[in-house]
Amino acid sequence: MFLDRDGVLNSDTGYVHRPDQIVWINGAMDAVKACNDAGALVFVISNQAGVAQGYYDESAVKALHEWMARQLARVGAHVDAFEFCPHHEDAAVARYRRPCRRRKPEPGMILDLLDRWPVERARSLLIGDKSSDIAAGEAAGIRSFRFPGGNLHQFLDPLLRQIA
């Protein structure tokens with residue numbers, strides 16, 4: 001299971017990088033746990049343009065992901081890997097100013113995970129809230145679905161049954 005972060009797991013309020021900014025999407029923690037219970041590996045893949053623009057650094061993203069992992073653990077859920085891309089072609093921070101194969105809509109983050117983990121592509125799904133998420137999943141050969149908002153667990157449950 002490949003999940004976008006902002007807009008799928010948590011509300012996308014713009015450049016989210018601190019725990020006090022996290023508002024979990026309804027059913028998000030239950031959705032991750034349902035994936036775990038179904039035996040699916042769970043990956044979070046996220047573009048982080050805020051790093052490229054100098055709003056925060058990579059360590060802030062990693063610290064937030066560690067905090068999210070602790071919150072998920074409280075309900076018996078876990079993410080197997082958090083991946084993010086800090087690059088952007090129009091970055092304010094020079095070292096991040098470049099095209100990147102990992103920045104969605106490119107599939108690099110997904111392909112890297114497929115190389116490192118025993119993932120069954122045919123039983124994998126990507127859930128995103130933007131067309132760039134869907135394009136990345138499709139380019140990696142993963143069935144991809146656009147989350148329209150609402151309760152993530154309710155949205156994901158019938159999709160999980162299809163791949164069980």
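Before moving on, here are some points about what is shown:
- Full extension of the chain segment joining GLN162 with ARG146 gains 4.1 nm, where the gain is 0.36 nm per residue of separation less the Cα-Cα distance.
- Highest average packing first - 93-105, 2-14, Cβ atoms within 10 Å: 2-14, 93-105
- Between 0 and 90°, nearest 10: helix 152-163 axis offset from the chain longest Cα axis: 60 degrees
- The C-alpha atoms of the chain define a longest principal axis, and helix 28-37 lies at about 60 degrees to it.
- Rounded tilt (10° steps) of 58-73 against the dominant C-alpha axis of the chain: 20 degrees
- When DSSP beta bridges are restricted to pairs lying wholly in the chain, around 5% turn out antiparallel.
No lab work stands behind these numbers, since they all come straight from the coordinates. Quick caveat: nothing in here was measured; it's all calculated off a predicted structure. Every residue, glycine among them, receives a Cβ derived from its backbone with ideal geometry; neighbour counts consider all protein chains shown.
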